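In what follows, a single structure is set out as structure tokens and then discussed.
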Amino acid sequence: MAQKDTLITAEQRKRAIERMIRVNQAGEFGAKRIYAGQLAVMGDRTPAARSIAHMAEQEERHLNAFDKMMAERGVRPTALHPIWNAAGFALGAVSALVGPEAAMACTVAVETEIDRHYGEQLAEIGDSDPELAAMIADFQADELEHKATALEQGAERAFGYPVMSALVRMGCRTAIAVSKHI
């Protein structure tokens, strides 16, 4: 009997996969908005801005893929989309106003949480959804590349790095948790 309680039904698995797709689409949208806010402040005047523009292009590819998957699988988006739209842009703009290193620090914090999040999802998916698992693994590699680039470009030298990193990471964990359900 106890073993039966630990088995996941097909409907529970379907709902879990839908939550993953929903939260990942919301996260990619948020990342796109963060980079849009940073680029609105920085323009294309610095090496950091050029790196951010490249990262934004990759996030656009990720977002498009999750948008397509949502449509194909009939997954509803998060109701918090308008909040992530404004909050993402604001976070990007504020971090860029502090300076290029702060913009990169924001990237490191976000990508640290996304790497953890995607790793947890891959473990949960196992071999139950090869299409989603392959997409997540592909995008996770891009996110780790973003983190490495941001570290190379001085993220850890940003003013107040430990505090900024902790706050941004906490915000990301919160956004992930609520976007799964709302």
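Key figures for this structure:
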item: Unmet requirement for Gly119, which otherwise passes all of (1) crowded, with 23+ Cβ neighbours inside 10 Å; (2) under 16 Å from the mean Cα position of the chain (by Cα); result: (1)
item: Of residues in the range 6-64 being open to solvent by less than 20 Å² (accessible area, probe 1.4 Å) and acidic (Asp, Glu), the one farthest from Tyr118 (Cα to Cα); result: Glu59
item: Lone unmet requirement of (1) of a type in the set (Val, Ile, Thr); (2) over 26 Å from Ala123 (Cβ atoms); (3) outside any helix (DSSP H, G or I) for Thr78; result: (2)
item: Qualifying position, being touching a His at 6+ places or on another chain (Cβ under 6 Å) and under 19 Å from Gly99 (Cβ atoms), among Glu152, Glu111, Glu156; result: Glu111
item: Residue match in the range 116-138 (condition: out of contact with any Pro (no Cβ under 6 Å at 6 or more places or on another chain) and more than 30 Å from Glu72 (Cβ to Cβ)); result: no
item: Residues (basic (Lys, Arg) and in a helix (DSSP H, G or I)) located in the range 42-62; result: Arg50, Arg61
item: Matching residues in the range 124-156 - criterion: being among the charged types (D, E, K, R) and open to solvent by 50 Å² or more (accessible area, probe 1.4 Å); result: Glu124, Asp127, Glu131, Asp138, Glu145, Lys147, Glu152, Glu156
item: Only one of Val108, Val168 that is open to solvent by less than 20 Å² (accessible area, probe 1.4 Å), modelled with pLDDT of 90 or more, touching a helix residue (DSSP H, G or I) at 6+ places or on another chain (Cβ under 7 Å) and part of a helix (DSSP H, G or I); result: Val108
item: Condition met for Leu91 (under 20 Å from Ala36 (Cα atoms), surrounded by fewer than 19 Cβ atoms within 10 Å (Cβ to Cβ), in contact with a helix residue (DSSP H, G or I) (Cβ under 6 Å, 6 or more places away or on another chain) and not basic (Lys, Arg)); result: no
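The values are calculated or read from the model by the stated rules, or taken from the named source; none is laboratory data. These numbers come from a predicted model, not from an experiment. Note: ideal-geometry Cβ built from the backbone for every residue, glycine included; neighbour counts use all protein chains shown. SASA here: full protein model, heavy atoms, side chains in, ligands and nucleic acids out. Shrake-Rupley method; radii C 1.70, N 1.55, O 1.52, S 1.80 Å.
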